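Novice: This is the structure, below, for whatever I ask next.
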């Protein structure tokens, strides 16, 4: 009988297809060792061990010095569960937006599967109950959309999750690339990005509004004025506009020209209600809700850098944050005074500087917390949790999380785009991207910091705060 010859490309494709099929059949996320109701508690002095790679980097000429905490934190960690599939598409399940601590203490976070926006993607909202230490899904964005054939489906929760003054939780979904919204077919039923809201009292969600023909990766809530701010992208190629949406009237209070916003991943809210964003030219721009106008300020970052994260305004009138892009002062800490339009650069955020996408100020105004290495580069520095003392400028590492968590449960926590503090400043909540360790990872998934998301409650010892 003659031998059957098989095309090598066909054979390779067949093997990959079979591997993907096997992966999709495997439950995901994997089992979490030692978990109770889906959550594992980790406590170890090893959290305070400085990784060798960091020891080498801290001797760099431009590296900012840091100290270590003396008492390790207690960490509660849970995988985002009840997933429809493992999403073995390259990026897989991932978390891209900021999280929210509600008035009742519950924490809200979101993930997406980075799937096919033409009817083949998923995005989910979760709620962490600090009383029971349980993480549970509460909304499926595409189910809420009641997506019809031919309409886009949401694959990411990239914008922040926001609590309004009435206690409602607002959130939105976006595409793999929201800037390509203009390429998608919007309909009367689905005219663009949707503004969802979740009612903690009833546990139900609905749609409160739309971003016509556009999506957003950046939102900010002014609870006192009932305004939801959003940087809208995707109307045309590369154009981003600044907008203010009135939650009471469900109408836009203001929409800027389509090219007003440049680096569009951050908005900062001053105590007087003015909002700051990266606008045309080197300056920060300001929106005045009373005047409904935007204008350039006297604040501009050195080296062409831009604002990437920002805190609430402190009692003494400073907004803290981190920069990215540009030269020289990129990946640095800063603070600016909205009243005086004064900027102060505070040096590299950690070591010689790393990518930080979110920072949070403690309610007592003493510390700024952040996690360097948001887009996977935390792999190289052990996933540190950094506390910055606003009075002394001292950087303290509360814990290097990576190696200990990997050794304990087989999970590698990497970067984060969402962190928040509890009202008493005792717990730092983090929505993690990450991946499974070698023995706890699907064969089609790479150890690149994505594919397996987790939520963590990091309990900061009283002596460290």
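The values are calculated or read from the model by the stated rules, or taken from the named source; none is laboratory data. Not measured: the values here are computed from a predicted model. So basically every Cβ, Gly included, is an ideal-geometry build from the backbone, and we count neighbours across all protein chains shown.
Novice: Of all residues in the range 229-242 being assigned to a loop (DSSP other than H, G, I, E, B) and in contact (Cβ under 8 Å) with a residue 24 or more places away in the chain, which is farthest from residue 152 (Cα to Cα)? Walk me through how you get there before you give the answer.
Specialist: As a first pass, look at the range 229-242 and keep what is assigned to a loop (DSSP other than H, G, I, E, B): 234-239.
After this cut, where a residue has to be in contact (Cβ under 8 Å) with a residue 24 or more places away in the chain as well, the list is 234-238.
Working: 234: 13, 235: 15, 236: 17, 237: 18, 238: 20 Å.
The residue in question is 238.
Novice: Quick check on the range 307-329. Is at least one of its residues under 22 Å from residue 413 (Cα atoms) and assigned to a loop (DSSP other than H, G, I, E, B)?
Specialist: no
Novice: For the condition in contact (Cβ under 8 Å) with a residue 24 or more places away in the chain and farther than 29 Å from residue 421 by Cβ, what is the one hit in 130, 152?
Specialist: 152
Novice: Here's a follow-up. In the range 160-176, which residues are in contact with a helix residue (DSSP H, G or I) (Cβ under 9 Å, 6 or more places away or on another chain) and under 23 Å from residue 237 (Cα atoms)?
Specialist: Scanning the range 160-176 gives 172, 173, 174, 175.
Novice: May I pose another question? Tell me, which residue of the range 385-422 that is more than 20 Å from the chain's Cα centre (by Cα) and over 28 Å from residue 365 (Cβ atoms) is surrounded by the fewest Cβ atoms within 10 Å (Cβ to Cβ)?
Specialist: 407
Residue by residue, here is whether (1) free of Cβ contacts under 8 Å to residues at least 60 places away in the same chain; (2) assigned to a loop (DSSP other than H, G, I, E, B); (3) crowded, with 21+ Cβ neighbours inside 10 Å; (4) touching a strand residue (DSSP E or B) at 6+ places or on another chain (Cβ under 6 Å) holds:
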position	(1), (2), (3), (4)
28	no, yes, yes, no
53	no, no, no, no
59	yes, yes, no, no
70	no, yes, no, no
84	yes, yes, no, no
98	no, yes, yes, yes
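Novice: Further question on the same structure: For residue 334, only one of the following conditions fails: (1) closer than 17 Å to residue 397 by Cβ; (2) in a strand (DSSP E or B); (3) without any contact (Cβ under 8 Å) to a residue 40 or more places away in the chain. What is its number?
Specialist: Exception for residue 334: condition (1).
Novice: Right, another one. Here's a check for you: in the range 119-131, which residue that is surrounded by fewer than 22 Cβ atoms within 10 Å (Cβ to Cβ) and touching a strand residue (DSSP E or B) at 6+ places or on another chain (Cβ under 9 Å) is nearest to residue 454 (Cα to Cα)?
Specialist: 127
Novice: When you scan the range 363-384, how many residues do you find that are over 15 Å from residue 395 (Cβ atoms), part of a loop (DSSP other than H, G, I, E, B) and within 19 Å of the chain's Cα centre (by Cα)?
Specialist: Count: 4.
Novice: Determine whether residue 303 is in contact (Cβ under 8 Å) with a residue 12 or more places away in the chain, over 19 Å from the mean Cα position of the chain (by Cα), within 27 Å of residue 374 (Cβ to Cβ) and part of a loop (DSSP other than H, G, I, E, B). Full working, then the answer.
Specialist: On the way: in contact (Cβ under 8 Å) with a residue 12 or more places away in the chain: yes; over 19 Å from the mean Cα position of the chain (by Cα): yes; within 27 Å of residue 374 (Cβ to Cβ): yes; part of a loop (DSSP other than H, G, I, E, B): no.
Answer is no for this residue.
Yes or no, residue by residue, for (1) under 16 Å from residue 140 (Cβ atoms); (2) exposed (fewer than 15 other Cβ atoms within 10 Å of the Cβ); (3) in contact (Cβ under 8 Å) with a residue 40 or more places away in the chain; (4) touching a strand residue (DSSP E or B) at 6+ places or on another chain (Cβ under 7 Å):
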position: 162; (1), (2), (3), (4): no, no, yes, yes
position: 167; (1), (2), (3), (4): no, yes, yes, no
position: 175; (1), (2), (3), (4): no, no, yes, yes
position: 179; (1), (2), (3), (4): no, no, yes, yes
position: 194; (1), (2), (3), (4): yes, no, yes, yes
position: 198; (1), (2), (3), (4): yes, no, yes, yes
position: 210; (1), (2), (3), (4): no, no, no, yes
position: 214; (1), (2), (3), (4): no, no, no, yes
position: 227; (1), (2), (3), (4): no, no, yes, yes
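Novice: Could you please let me know if residue 428 is modelled with pLDDT of 95 or more, within 23 Å of residue 324 (Cβ to Cβ) and surrounded by 21 or more Cβ atoms within 10 Å (Cβ to Cβ)?
Specialist: yes
Novice: Let me spell it out: the conditions are (1) surrounded by fewer than 23 Cβ atoms within 10 Å (Cβ to Cβ); (2) in a loop (DSSP other than H, G, I, E, B), and residue 356 meets all of them except one. Which number is the exception?
Specialist: (1)
Novice: Out of curiosity, is residue 245 under 19 Å from residue 338 (Cα atoms) and assigned to a strand (DSSP E or B)?
Specialist: The answer is no for residue 245.
Novice: Of the conditions (1) at pLDDT 95 or above; (2) within 30 Å of residue 185 (Cα to Cα); (3) surrounded by fewer than 14 Cβ atoms within 10 Å (Cβ to Cβ), residue 90 clears all except one; give me its number.
Specialist: With respect to (1) at pLDDT 95 or above; (2) within 30 Å of residue 185 (Cα to Cα); (3) surrounded by fewer than 14 Cβ atoms within 10 Å (Cβ to Cβ), residue 90 is out only on (1).
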